[in-house]
1. Quick check on my filter: what residues within region 35-46 are surrounded by 11 or more Cβ atoms within 10 Å (Cβ to Cβ) and modelled with pLDDT of 90 or more?
2. Report the residue count in region 60-99 for those that are closer than 20 Å to Ala31 by Cα and touching a Phe, Trp or Tyr at 6+ places or on another chain (Cβ under 8 Å).
3. Could you list, in sequence order, the residues of region 1-26 that are modelled with pLDDT under 70 and among the hydrophobic types (A, V, I, L, M, F, W, C)?
4. Identify the single condition in (1) surrounded by 12 or more Cβ atoms within 10 Å (Cβ to Cβ); (2) under 19 Å from Ile32 (Cα atoms); (3) out of contact with any Leu (no Cβ under 7 Å at 6 or more places or on another chain); (4) of a type in the set (S, T, N, Q) that Thr92 does not satisfy, given that it satisfies every other one.
Amino acid sequence: MAEGTKKKEKMRVDQVRGKAADLTIAFTMGAIVPLLGASFIRNYKVRVGVVVGVVSVALVVFAWLGAALGKAPLARSIVRVLIGGWLAMAITFGLTKLVGSSGL
């Protein structure tokens, strides 16, 4: 291998590792939000409502941040992320009911 190719390969590996670390932090922070929202609530229906509310606020905040950083249309970005998040939560909730999980 040529010297330049080795340097490019090392840069690429470093970029992949950096992106993996970013995603790890993002997913961890994303998981903490609903856990903190539901941790101290005993009533099941109230807990589900709190999780949906807290996650919706987080989705709006992160959609706004992403739109601002990416110079994208603000309202359209927020609606897209919010609807996508709600769909993901509904599908996950439905699948856990389908398999009989009662962790929440």
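1. Val46 - this is the single residue of region 35-46 that is surrounded by 11 or more Cβ atoms within 10 Å (Cβ to Cβ) and modelled with pLDDT of 90 or more.
2. Count: 2.
3. Residues satisfying the conditions are Met1, Ala2.
4. Only one criterion is unmet by Thr92, namely (1).
Yes or no, residue by residue, for (1) in contact with a Gly (Cβ under 9 Å, 6 or more places away or on another chain); (2) assigned to a helix (DSSP H, G or I); (3) at pLDDT 90 or above:
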residue	(1), (2), (3)
Val33	no, yes, no
Val61	no, yes, yes
Ala72	yes, no, yes
Arg80	no, yes, yes
Met89	no, yes, yes
Ser102	no, no, no
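The values are calculated or read from the model by the stated rules, or taken from the named source; none is laboratory data. As the structure is a prediction and not an experimental result, all values here were calculated from the model. Quick reminder, even Gly has a Cβ in these numbers, built from the backbone with ideal geometry, and neighbours come from all protein chains shown.
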